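The values are calculated or read from the model by the stated rules, or taken from the named source; none is laboratory data. Bear in mind that the values here come from a model prediction, so they are computed numbers and not experimental data. Every residue, glycine as well, gets a Cβ built from its backbone with ideal geometry; the counts of neighbours run over all protein chains shown.
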There are 2 protein chains.
Amino acid sequence: MINTEEFYSILASRMKASSIREILKIIQNSKVISLAGGMPDPATFPVEEIKEITQKILNQKSAQALQYSSTEGLKELREFLLNYLLSANRKVDLSNIIITSGSQQGLDLVSKVLLNPGDLVIVELPSYLAALNAFRSYGGETIGIPMDDEGMRVDCLRETLIQLNKEGKKVKFIYTISNFQNPAGVTMSLSRRKELLALVKEFKLFILEDNPYDQLRFEGEAIPSLYSLDEEGYVISLGTFSKILCPGLRVAWIMGNKEIIEKIVIMKQATDLCSPIFNQLIAYEYCSNYNLDKNIASNVEIYRKKRDVMLSVLNKYFPRETSWTKPQGGFFVFATLPEYIDTDEMFMDSIRAEVAYVSGSPFFADGKGKNTMRLSFCYPSEQDIEEGIRRLGAVIKERIKS
Amino acid sequence: MINTEEFYSILASRMKASSIREILKIIQNSKVISLAGGMPDPATFPVEEIKEITQKILNQKSAQALQYSSTEGLKELREFLLNYLLSANRKVDLSNIIITSGSQQGLDLVSKVLLNPGDLVIVELPSYLAALNAFRSYGGETIGIPMDDEGMRVDCLRETLIQLNKEGKKVKFIYTISNFQNPAGVTMSLSRRKELLALVKEFKLFILEDNPYDQLRFEGEAIPSLYSLDEEGYVISLGTFSKILCPGLRVAWIMGNKEIIEKIVIMKQATDLCSPIFNQLIAYEYCSNYNLDKNIASNVEIYRKKRDVMLSVLNKYFPRETSWTKPQGGFFVFATLPEYIDTDEMFMDSIRAEVAYVSGSPFFADGKGKNTMRLSFCYPSEQDIEEGIRRLGAVIKERIKS
């Protein structure tokens, strides 16, 4: 027999299966209420419309829809997205956008194009776990910067960059989930966005803006994306149809300066040739002949109600020693327990109590956050949110020291 | 403005756009007859069946079809493929197979999991260009081994491996397109397959078997895949629906030993989370409730006729100083011109004569093959094959020294 272990690349041998992911797979069909995953509510999928659309596409353009296609992605869809996402005075064209297979592929391709082993990536504390994994899969090392209510603290970031410069360390980009951050629920304020942009221009760095929840705002006014505020090519921005249409098509995009998009196209060519054109045609047909904004508005209704339920039952069932975020959009609430409670250690107890969450520490690039957890309200029903939080509250209460 | 060039990873800065690919994009809608691409004939796509299938899936399981799914891929589809591709006595289970987004993603993931910069990959002379690019995108270095009518020459391979061992160089795997090789059209004989397997067991190396044309045999008896002949985990095998159903769904697979598949799953998780489940359900529904074998048989008819046309018109229009392969299946004929003709240099002349091909040298890891070209008969109509070869023959004849 071959000894496979001996053959792994250095980077691959560092990548380990997530034990929580394995447990979540096992509980998938059990009575456990999962507040763990980030899956959209299937009630938000426009099924009838997609049925009509697939028929239309297969009637009218099957030879295109079932064939190989361009690495850059469907031209009409890219055109639509630029118009939909940006105001007319932001100068962009088709060379500023590429279609990807989910935003995760965006994270992968940007990492592949920019990171040498040992290069640094600045991330928020906490940050999206699968993004940290994408950076690490190319040997990127993550440095965390704390957040406040307005997002990543640019004052701390400046100090860190000065220090890293002194040490001669190479930072390639700053990764931020600008709206309804995963997992912390924080949205970066407009003034903070402007400060961050000024800082990257001073230090000559890229911003990688991950913006999957952009359109899922429950209240308050939309804030312009970092990409829309930048005219000089400093921002690379990821967006996706996963949360506004459905994730099963795996249609997402990267916007950025021409040079970086061109390099990403060359790299995607070697990675998977092209994303499925059938899926891109479905997304485009939906955007052009159905009402995307109306669908988003009805999704927002659904998720706002679920968030309200979660915030209200957290008040009811969580002990007063705990606190949590009140997100204005997105999918997640982030809870903080007393410092002596380790949510990783508590996880199996909560599975026994038939409720699951994601423990917070893997989200923290600095290894902290052991007393935190991510609670998602996107997928479970309102009843399940209440029952799940009730069960979880009871597990936590047992650990509260009086 | 940011200077993007300064930020590229070492590996990314080495990746360049293919000039031929750029030219082919430009001629896409012109009068040029393309014998260049490897696109299947759309007449082989079972459009009506896929129309029925999409309706059924969206009627019966939309919540699954439009949702995120497992990184490993649809269980039922993986089960079907193992049964379809392997005999009952080959011991495999679901842990031996993962679904990928096209075989190109298979090439990417295997490279990511196995290659450190500077690691060696043994390839055939010539070999599939996009595979060479995938290996190189992780810093893999390719070493070419000549082929004869039975495939890669295992005697030369043995000498090379002994030499590399002496030099202390690390070979990670041997890449072979075992059936109807792209571009050379050669199929590895059964005895050569057994020799190759014995050799990798002796030297402790992986074989990466790329098998996209497996089912597209026009005549002669099918030869067992390298994967089916190996019980000890030495073979990693790539297969795809692109040539037997359609490429637009991007549904393909990797089979291999449990350990390597598990590592590939972890890596795919960081790469794109999962391949679109909607597409996998379509492929599975087609396989289980329609007649895949009948579709393959009718595809084989179409491609066999096209190959016959190409071989016959090559005889008619190419000068006697040229030679070409007579493939028993697949998509390509590989032609060799007199040594003093450089097909790269001839390319623009042939575009002016309104016919395109792929020049051979990029397929050769050793930089040779300047007088060769790949001619594909899969996409163009029979008339276009004749007219294209007629035009190309005239371009070549002008260069023949009397």
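Being of a type in the set (A, V, I, L, M, F, W, C) and surrounded by fewer than 16 Cβ atoms within 10 Å (Cβ to Cβ) narrows it down to one of A:A12, A:A63, A:A36, so name that one.
A:A63
May I ask you to verify whether B:F364 is more than 14 Å from chain A (Cβ to nearest Cβ), within 22 Å of the chain's Cα centre (by Cα) and buried (at least 23 other Cβ atoms within 10 Å of the Cβ)?
Against the criterion (more than 14 Å from chain A (Cβ to nearest Cβ), within 22 Å of the chain's Cα centre (by Cα) and buried (at least 23 other Cβ atoms within 10 Å of the Cβ)), B:F364 does not qualify.
Determine, yes or no, whether B:N83 is of a type outside the set (S, T, Y), away from chain A (no Cβ under 13 Å) and farther than 27 Å from B:L129 by Cα.
Yes.
Would you mind finding the one in B:T343, B:T322 that is farther than 25 Å from B:A131 by Cβ and either outside the structural domain of B:M310 (by TED's automatic domain parsing) or among the polar types (S, T, N, Q) (or both)? So that I can check it myself, show each step before the final result.
Working: B:T343 fails: farther than 25 Å from B:A131 by Cβ.
Unique residue meeting the criteria: B:T322.
Scan (1) within 27 Å of the chain's Cα centre (by Cα); (2) facing chain B (nearest Cβ under 8 Å); (3) closer than 30 Å to B:K204 by Cβ for the single condition A:T4 breaks and write down its number.
Failing condition for A:T4: (1).
When segment A:226-236 is examined, which residues are found to be buried (at least 22 other Cβ atoms within 10 Å of the Cβ) and within 16 Å of A:W253 (Cα to Cα)?
A:L226, A:Y227, A:V235, A:I236
What residue, among those in segment B:131-144 that are within 12 Å of another protein chain (Cβ to nearest Cβ) and of a type outside the set (F, W, Y), is surrounded by the fewest Cβ atoms within 10 Å (Cβ to Cβ)? Reasoning before the result, please.
The initial filter retains those residues of segment B:131-144 that are within 12 Å of another protein chain (Cβ to nearest Cβ), namely B:131-140.
Then drop every residue that is not of a type outside the set (F, W, Y), which leaves B:131-134, B:136-137, B:139-140.
Details: B:A131: 28, B:L132: 23, B:N133: 22, B:A134: 27, B:R136: 20, B:S137: 23, B:G139: 17, B:G140: 24.
Result: B:G139.
Hey, B:A270 hits all of (1) in contact (Cβ under 8 Å) with a residue 40 or more places away in the chain; (2) within 19 Å of A:V251 (Cα to Cα); (3) assigned to a helix (DSSP H, G or I); (4) facing chain A (nearest Cβ under 9 Å) but one; which does it fall short on?
It fails just one condition, (1).
Name the single residue, out of those in segment A:161-213 being acidic (D, E) and surrounded by fewer than 23 Cβ atoms within 10 Å (Cβ to Cβ), that is farthest from A:F363 (Cα to Cα).
Here the residue is A:E202.
Search segment A:110-130 for residues being more than 9 Å from every other protein chain (Cβ to nearest Cβ) and small (G, A, S), and hand back the single one that is surrounded by the fewest Cβ atoms within 10 Å (Cβ to Cβ).
For segment A:110-130, the residue satisfying everything is A:G118.
Which one of these is out of contact with any Gly (no Cβ under 9 Å at 6 or more places or on another chain), assigned by TED's automatic domain parsing to the domain that holds A:F241 and at pLDDT below 95: A:G185, A:G168?
Every option except A:G168 fails the conditions.
Could you list, in sequence order, all residues of segment A:237-256 that are out of contact with any helix residue (DSSP H, G or I) (no Cβ under 6 Å at 6 or more places or on another chain) and either among the polar types (S, T, N, Q) or more than 24 Å from A:E49 (Cα to Cα) (or both)?
A:S242, A:G256
Could you count how many residues in segment B:39-60 are outside any loop (DSSP other than H, G, I, E, B), surrounded by 14 or more Cβ atoms within 10 Å (Cβ to Cβ), more than 8 Å from chain A (Cβ to nearest Cβ) and not charged (D, E, K, R)?
3
Could you identify the single residue in B:E321, B:E301, B:E339 that is in contact with a Pro (Cβ under 7 Å, 6 or more places away or on another chain) and surrounded by fewer than 18 Cβ atoms within 10 Å (Cβ to Cβ)?
It is B:E321.
Can you tell me which of (1) farther than 29 Å from B:G73 by Cβ; (2) surrounded by fewer than 24 Cβ atoms within 10 Å (Cβ to Cβ); (3) out of contact with any strand residue (DSSP E or B) (no Cβ under 8 Å at 6 or more places or on another chain); (4) touching a residue at least 12 places away in the same chain (Cβ under 8 Å) is the one A:K263 doesn't meet?
The number of the failed condition is (2).
Is it fair to say B:A12 is modelled with pLDDT of 90 or more, over 30 Å from B:E345 (Cα atoms), more than 22 Å from the chain's Cα centre (by Cα) and aliphatic (A, V, I, L, M)?
Criteria not met by B:A12.
Report yes if some residue within segment A:8-25 is part of a loop (DSSP other than H, G, I, E, B) and aromatic (F, W, Y); otherwise report no.
Residues of segment A:8-25 that are part of a loop (DSSP other than H, G, I, E, B), as a first pass: A:8-9, A:15-18.
From what's left, aromatic (F, W, Y): A:8.
Yes, segment A:8-25 contains at least one residue that is part of a loop (DSSP other than H, G, I, E, B) and aromatic (F, W, Y).
Can you work out which of the residues in segment A:284-337 that are without any contact (Cβ under 8 Å) to a residue 12 or more places away in the chain and part of a loop (DSSP other than H, G, I, E, B) is nearest to the chain's Cα centre (by Cα)?
Ranking the qualifying residues of segment A:284-337, first place goes to A:N291.
Give the residue that is nearest to A:V123 (Cα to Cα), with candidates limited to residues of segment A:202-221 that are among the aromatic types (F, W, Y) and not in a loop (DSSP other than H, G, I, E, B).
A:F206
Scan A:L281, A:L249 and give me the residue that is more than 15 Å from the chain's Cα centre (by Cα), closer than 20 Å to A:F80 by Cβ and not in a helix (DSSP H, G or I). Spell out the reasoning first.
Details: A:L281 fails: not in a helix (DSSP H, G or I).
After applying the criteria, what remains is A:L249.
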